[in-house]
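FYI, it's all coordinate maths here, none of it is from the lab. Small disclaimer: the values here were computed from a predicted structure and weren't measured. Cβ: placed from backbone, ideal geometry, glycine included. Neighbour counts: every protein chain shown.
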């Protein structure tokens, strides 16, 4: 995991994360193929742990697919979908009504500033949301809100994800264009550092195939996976540079298709019994859903 100045160079712009996933709300379910596969597998893995939660948090819930599944699995629990993008939560509400799914709560908030009291959550489920966060901050928040012996169940992307795209850009310039996803062993260390016990981690790999690089880029944008690094270059990519990246990526072509590697890290760990430091209240990064609704209404009136 990057440390010091290197970590700062790869930190995500929180406002850009919110915008990217907000724009992708209407296209997310159709585009997020890997995310859906990871979500379903992570849900299956809950079969092997003994937990009877009263409060379940789906952190980085997106359009609420996992939230609905968690409510089916734990019908007596309160399930809360948390996402940084209000548009995602609004989409999850429409889908819940249309499918007459069991009800779950929705809350707009940041994984690095979870809007829950200390030791109040029994199960924190998070599917492929960690890549868009500072891992140490997000895991520390997960530990803070989890009750002693509460369960954290998550997936994230490993460093082989989009390695072809990263290599193509590296041949063009030295800029930061693809997030440096955390290694499984570094994630295990981070979990222990955050105060978790008995972490269990493993990796699954996928290779998606595309006819052209433009198809891969379109799929990434449709699922909210844009370059949101704080150190990213601002402005549009010039034609010459875009052509150079495309030509570099073409060297990966096999059997007429361009590969896009994906490494999915699965992890679950239990919150240690020892308490953790509380976060100050009235954190401005937490945005109540009703506040956002009112803000949108005021903006429309203008």
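Under the shape rule built on the C-alpha gyration tensor, where the axes satisfy a ≥ b ≥ c, the range 160-227 is prolate, since a/c reaches at least 1.5 and a/b is greater than b/c. In terms of overall dimensions, the range 23-71 has a Cα radius of gyration and Dmax of 12.1, 37 angstrom. Length gained on full extension, residue 136 to residue 206: 22.6 nm, using 0.36 nm per residue less the C-alpha separation.
Based on the Cβ-Cβ distance from residue 45 to residue 237, what FRET efficiency comes out when R0 is 41 Å, to the nearest 0.05? The pair residue 45/residue 237 has a calculated efficiency of 0.60.
Please sort 257-263, 170-176, 223-229, 77-83 by packing, taking for each peptide the average over its residues of neighbouring beta carbons within 10 angstrom, highest first. Write down the numbers at each step before the final one.
Details: 257-263: 19.0, 170-176: 13.4, 223-229: 21.3, 77-83: 23.9.
In decreasing order of mean packing, 257-263, 170-176, 223-229, 77-83 become 77-83, 223-229, 257-263, 170-176.
Hey, how many Å between the Cα centroid of the range 29-53 and the Cα centroid of the range 174-234? If we compute the Cα centre of each part, the gap is 18 Å.
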